[in-house]
Protein chains: 4
Amino acid sequence: MANQVNLNADMGECFGVFKIGNDDALLDIIASASIACGFHAGDSSTMHHLVTRAKEKGVSIGAHPGFNDLWGFGRRRIDMNTRDLEYMIAYQIGALQGMAAYAGTKVTHLKPHGALNNMAAEDLEFGLAIGRAIKTVDRNIIYVALAGSQMEAAALKLELPLAREGFCDRLYDDDGNLTSRKIPGAVLHDAEEIKNRVVRMVLDEEIVSRNGKRLRRKIDSLCVHGDEPTAVVAARGVRNGLEAAGVRVIPLTEMKLT
Amino acid sequence: MANQVNLNADMGECFGVFKIGNDDALLDIIASASIACGFHAGDSSTMHHLVTRAKEKGVSIGAHPGFNDLWGFGRRRIDMNTRDLEYMIAYQIGALQGMAAYAGTKVTHLKPHGALNNMAAEDLEFGLAIGRAIKTVDRNIIYVALAGSQMEAAALKLELPLAREGFCDRLYDDDGNLTSRKIPGAVLHDAEEIKNRVVRMVLDEEIVSRNGKRLRRKIDSLCVHGDEPTAVVAARGVRNGLEAAGVRVIPLTEMKLT
Amino acid sequence: MANQVNLNADMGECFGVFKIGNDDALLDIIASASIACGFHAGDSSTMHHLVTRAKEKGVSIGAHPGFNDLWGFGRRRIDMNTRDLEYMIAYQIGALQGMAAYAGTKVTHLKPHGALNNMAAEDLEFGLAIGRAIKTVDRNIIYVALAGSQMEAAALKLELPLAREGFCDRLYDDDGNLTSRKIPGAVLHDAEEIKNRVVRMVLDEEIVSRNGKRLRRKIDSLCVHGDEPTAVVAARGVRNGLEAAGVRVIPLTEMKLT
Amino acid sequence: MANQVNLNADMGECFGVFKIGNDDALLDIIASASIACGFHAGDSSTMHHLVTRAKEKGVSIGAHPGFNDLWGFGRRRIDMNTRDLEYMIAYQIGALQGMAAYAGTKVTHLKPHGALNNMAAEDLEFGLAIGRAIKTVDRNIIYVALAGSQMEAAALKLELPLAREGFCDRLYDDDGNLTSRKIPGAVLHDAEEIKNRVVRMVLDEEIVSRNGKRLRRKIDSLCVHGDEPTAVVAARGVRNGLEAAGVRVIPLTEMKLT
C-alpha cells in the first residue's frame, strides 16, 4: 500500500494577455508543476513567473510540451511525423531549461499535453519519439506517463525514469485510456467524488473505468487541473483527502520510482 | 593588424516547408553559424539538421533570436517591453541548447536578428535585456554585437564575452549603424566590391560609411548572408580574399576576444 | 447640444479556448460592436457567435482589425509598410463580411485596434492606408476615428463616412491622443467618474486632457470596454447616465454623420 | 467525349518573405487559380498580387482554404470539430472576397487544400461543413471536389454548383482517393507521363488507379501544381496535350457544370 504520492498540475497555459487557470493558487497544493512551453500555450514571461514561484514553494518543475496548435490548445489530434515530433519536444524541453536558469533550478520531469498525451498513450511510436527527446536532452528527466499506457512502455524500453500517472478528475475507458473530452461526463467536477476516487486509486492501486471495469494500476503521480472555477477546490480536497488517509504528497524528485 | 577573424552567417531561417537560404553551401565557407530559433523563423527540425551538420564541419553554433514575428521575418521594429524581451531571448537560447544536445555541442555565441539587432544596436536597454538573458542562461556565451554599438556597450557593462561584428554586404550610416534595408543600395550584391570592403575592414580596422566617413572599428566577426542567389558566391569571395591577405578564418570559440 | 450618440465596444477578443471580456453582457448595453478579426485576437467561431448575437440585439457590427500580433494582443507598435497594412485591413474586413453572412447582416463600420489605432491617430499615412482598404472593400463602411486625429483627417480626405470617437475610460494627452497604457492611471476604473466625464464629453462637446486642457471635440461614438471586471458596470453607468441626461444611444447606422 | 475542361492550380502559398511556387508562370497556363487564404499559407499582400494578376490574364479565382497549420503547410490531418471547420472556411472565403475587391472580381470557386481536401474527400461531414460555408457566404461559388468523393456527394446534397476534379500529377488509390504523399511515387514528375494520363482522363472519362483499377470519372477541372521545379513544364505539357487533342481549356466560370 502506497504511503506517498506526487500531485502534479499543468500550468502556465497562458499566451500573452490571454490567461487561463489558477496557477498561483495551485502552487500551494501540488508538489510538481508541468509548465506549458509555448506551443499549445505558454510563453516565456509566464514560464519565468512559474519557475520562480515554484522554486519558492518547493515545487519541482517539468516540461508540458504540446502540439504547435495554439488555436486548438493542443487538444486536436494532429497526424505528425515522429521525427519532427521528437525534435519539437526537445526544443520545448530546452526552452524551459533556459527559463529554469532564472530560478537556478532544473527541469526534472516531462508530461505531454492534451491530444499529444492521448496519442502517445495509445501509440508506442509517439511515446518513443517523446522518450528519445528526453533521453537526448537530459536522460535524468522523469517521463510522466499514463499508467499502463504505451507511453509507459516507451519509458521502460528507453530505460528512462518513469512516473506512472493517474488522473483525478477524468473518466477512464476500459482499456485504461482517458475517456475523450467529447464524451459527456468525461471530466468530473464534484470535489467529494474526485477525492474519493483518488484516495482509492492510490490506496488500492486500482482504477475503475466508466463501465465499472477494475484495472490494476500503481500510481506515482496524480494530475489535478486548475482551469475551471471548481478545480482549485477539488485539488485542495484531493490533497486533504490523501493526507487524511496517511499518504504524503511529495515532489516527483523525491519519489522512489522504479 | 588582425591576422585572424571569424566569419559567421545567419542560418536555419526556414519554417516547415518554407525554405530560405543556402545553408549547406554556406557551412563550407563560414566558421560560426547563427541559427534561427523559431520566432522570426526557424523550427526544431531545421535546427536539428544544422547543429548536426555544423558539428561535422567544425563550425561553432550560436543562437540567432528574433522578434516573435514570422510574417515580418523579424524585420519589423516592435515596441517591446524589455522584461518580456529578456525572457523571450532566454527561451530561444534554451531551445537551441536543447537541439544542440543532438550533436553533443554547446551554444557558444548569440547574435540578434534583423530589427531586434538594429534596435539593440541603438538602444542600450534592449542591448542589456539581451545581455541579461545570456548571463542568466550561460555566461560563457559570446555576445556578437555590431562594433561600436550600444549592444557592444551592453556586453561590456555586463562583462560578457564580446565579439565585435562587421557586415560584409551592408552599407553603414555615419553613426556606425547599418543603413536601413528600406534605403536603395543598402545591401551590396557585387562580390568583388564586397570582398574589397571586407579585407580593408579587417586589415585597416576601419569602416567607411555610405557618406565616406571613416570609422575606427576592430572587427572580430564578419557576417555574410546566404539568402540571395549571389550570396554564396560573395561569401566564398570574402573567405578567399581574407585568406589571400593572410587572415585566418576561425570559429568564434577560437578567437582571442577582449 | 447632442441628443444622440453611439456607444461601441471592442468584442470577440478571444482565441480558441482563450477568452477575454464580457461580450454577452456588453451586447445589452452598447449599440454597435467592433469585432476582432483574427489578427490581434478573434477567431471565426467567436465571430460567428457575435454576428448572430448582435443581430438578435439590434446591435450594428463593425470590423476591429489589428496588427498580426496575437502574443502582444495588438498593443505593440509595429513598424509596418503601409501597402501591407492596407491589404491586411482589407483581408480582415472581408473575413468579417464572410461571417456576417451567417446573420444576414452587413459590416457597417470599422475601428482599428490598440497600437494600430494609436499609430493611425498620429500618422496620416497609416490612417489613409486603413481608409483605402475601407474604400476598396465597401465605401459605405463608417470609419470610426479618434476625434481630432489624423485618422479623422484621413477619413475626410478619402470622403468616407466618419464617426468621431471618444473614449469613456481613457485619459487624453494635450494633443487629443490617448494617453499611453504605459502611463499609470491612463485607464479609468471608477464608474461614477467615467459616467460624469462621458456625459460632459457629449453634452459640452469638450474633452479635458489629463493636464486639464480643454479640447473641442464633437463625439459621434463613445467606446466602452469589457475586458476588466468593473467594465460592464462602468459601461452600464455610462448608458444610464447618458439616457438620464436625455441622450439617446443608437447604432452607428442610425447616426446622422457629417 | 469532353471537348472542354478547366485547368486549375493552387497559388499564393507564400507567407511574408517565404515564397513557394511559380505563380506568375502558371497564370499563363491555367484558367482558374485557387488562392491560399492565410491559414495553411498565404497572406493579404500575396492575395492582392494574385487577384490583380489573375484579372489581367482572364483567369477566374477561387478560395483555397486549409487548416490553421502554417508549420505543417496544411498537410497534417487535424481532428477538427465540423462547426469550427465550417466557420473557418467562411472566414477564409470572406477574406479572399475582401481582396478580390481590389481587382473588381468575384470569388467564383472553392477548393480545399491538402489534408483538409483529403479528409473532406473521405468524410461526408467534413465535405458538408465546407459546403455549408459556401452556401452561406455565396451559394454561386463552385465547389471543386475530387471526382467521386464524399465532397462531391456533399456538393450534390447541398445543391451547390459542382466541378469534379482530377489530379494531373498524383497517383490514385483503388477507391478513387489520392494516394498519400507518404507513399513513394505518389507524386508524378515526368511531364510526358503526366500529359498522357491527363489526356486519357479527360477523353475517356476514366482514371486508372495505381493498382491498375479503372474508375469511371467525368472530370470538369484538372489540378496542376507549381511548387516543384519541373511543375511548370509539366503544366505547360498538359495544356498543350489537351489542346492538341482538341480539348479547350476554359475558366470554371465558363464550364457547363451539372
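Annotations
- Qualifying residue in the stretch A:75-82 (condition: within 13 Å of chain B (Cβ to nearest Cβ), over 17 Å from the mean Cα position of the chain (by Cα) and not hydrophobic (A, V, I, L, M, F, W, C)): yes
- Flag for A:ILE183 being at pLDDT 90 or above and buried (at least 17 other Cβ atoms within 10 Å of the Cβ): no
- Residue count, the stretch C:105-133 (criterion: more than 14 Å from the chain's Cα centre (by Cα) and closer than 16 Å to C:LEU252 by Cα): 2
- Matching residues in the stretch A:24-37 - criterion: being farther than 23 Å from B:GLY94 by Cα and either within 14 Å of chain B (Cβ to nearest Cβ) or not in a helix (DSSP H, G or I) (or both): A:LEU27, A:ASP28, A:ILE29, A:ILE30, A:ALA31
- Being over 23 Å from A:ILE61 (Cα atoms), within 17 Å of the chain's Cα centre (by Cα) and surrounded by fewer than 23 Cβ atoms within 10 Å (Cβ to Cβ) is a property that holds for A:LEU178.
- Total residues in the stretch A:197-241 satisfying the condition of being over 23 Å from A:ALA25 (Cα atoms), more than 16 Å from the chain's Cα centre (by Cα) and in a loop (DSSP other than H, G, I, E, B): the figure is 7.
- Residue list for the stretch D:85-102, restricted to those being among the aliphatic types (A, V, I, L, M) and either surrounded by fewer than 23 Cβ atoms within 10 Å (Cβ to Cβ) or within 28 Å of A:ASN81 (Cα to Cα) (or both): D:LEU85, D:MET88, D:ILE89, D:ALA101
- Across the stretch B:205-216, the number of residues qualifying as free of Cβ contacts under 8 Å to residues at least 40 places away in the same chain and at positive phi comes to 1.
- For the stretch C:182-196, the set of residues classified as assigned to a loop (DSSP other than H, G, I, E, B), under 24 Å from C:ARG239 (Cβ atoms) and charged (D, E, K, R) consists of C:ASP190 only.
- Qualifying positions in the stretch B:73-88 - of a type in the set (A, V, I, L, M, F, W, C) and either in contact with a Gly (Cβ under 9 Å, 6 or more places away or on another chain) or more than 20 Å from A:ASP43 (Cα to Cα) (or both): B:PHE73, B:ILE78, B:MET80
- Looking across the stretch C:28-57, the residues that are within 14 Å of the chain's Cα centre (by Cα) and of a type in the set (A, V, I, L, M) come down to C:ILE30, C:ALA31, C:ALA33, C:ILE35, C:ALA36.
- Residue match in the stretch D:165-172 (condition: buried (at least 19 other Cβ atoms within 10 Å of the Cβ) and in a helix (DSSP H, G or I)): no
- The stretch C:186-216: number of residues that are surrounded by fewer than 16 Cβ atoms within 10 Å (Cβ to Cβ) and in contact with a Lys or Arg (Cβ under 7 Å, 6 or more places away or on another chain): 2
- The condition of being at pLDDT 95 or above and not in a strand (DSSP E or B) holds for B:SER45.
- The stretch B:13-23 - residue that is within 12 Å of another protein chain (Cβ to nearest Cβ) and touching a residue at least 40 places away in the same chain (Cβ under 8 Å) and, of those, farthest from B:ARG248 (Cα to Cα): B:PHE15
- Of the residues contained in the stretch D:38-50, one or more are found to be more than 13 Å from chain C (Cβ to nearest Cβ) and not basic (Lys, Arg).
- Residue within the stretch C:10-19 that is modelled with pLDDT of 95 or more, surrounded by fewer than 24 Cβ atoms within 10 Å (Cβ to Cβ) and closer than 25 Å to C:VAL238 by Cβ present: yes
- Filtered residues of the stretch D:95-117 (kept if among the aliphatic types (A, V, I, L, M) and under 15 Å from D:THR46 (Cβ atoms)): D:ALA95, D:LEU96, D:MET99, D:ALA100, D:ALA103
- Scanning the stretch A:35-87 for residues that are of a type in the set (Lys, Arg) and out of contact with any strand residue (DSSP E or B) (no Cβ under 6 Å at 6 or more places or on another chain) returns A:ARG53, A:LYS55, A:LYS57, A:ARG75, A:ARG77, A:ARG83.
- When residues of the stretch D:56-74 are limited to those that are within 12 Å of chain A (Cβ to nearest Cβ) and not hydrophobic (A, V, I, L, M, F, W, C), the one nearest to D:VAL249 (Cα to Cα): D:GLY74
- B:ALA95 falls short on exactly one of the conditions (1) over 21 Å from B:PHE167 (Cβ atoms); (2) without any contact (Cβ under 8 Å) to a residue 40 or more places away in the chain; (3) touching a helix residue (DSSP H, G or I) at 6+ places or on another chain (Cβ under 7 Å), and that condition is (2).
- So B:GLY176, is it touching a strand residue (DSSP E or B) at 6+ places or on another chain (Cβ under 8 Å) and under 27 Å from B:GLY72 (Cα atoms): yes
- Look at (1) within 11 Å of chain B (Cβ to nearest Cβ); (2) within 15 Å of the chain's Cα centre (by Cα); (3) among the aliphatic types (A, V, I, L, M) and you find that A:ALA100 fails only one, number (2).
- Failed item, numbered, when B:ILE141 is tested on (1) away from every other protein chain (no Cβ under 14 Å); (2) under 16 Å from B:ASP220 (Cβ atoms): (1)
- The test for being surrounded by fewer than 24 Cβ atoms within 10 Å (Cβ to Cβ), free of Cβ contacts under 8 Å to residues at least 40 places away in the same chain and over 16 Å from the mean Cα position of the chain (by Cα) holds for C:LEU156.
- Residue selected from the stretch C:217-253 under the condition without any contact (Cβ under 8 Å) to a residue 60 or more places away in the chain and not polar (S, T, N, Q), by the criterion surrounded by the fewest Cβ atoms within 10 Å (Cβ to Cβ): C:PRO229
- The residue that is surrounded by the most Cβ atoms within 10 Å (Cβ to Cβ), among those in the stretch B:103-138 that are within 14 Å of chain A (Cβ to nearest Cβ) and hydroxyl-bearing (Ser, Thr, Tyr), is B:THR136.
The values are calculated or read from the model by the stated rules, or taken from the named source; none is laboratory data. Predicted model only: the values in this text are computed from it and were never measured. Ideal geometry is used to build each Cβ from the backbone, glycine not excepted, and the neighbour counts take in all protein chains shown.
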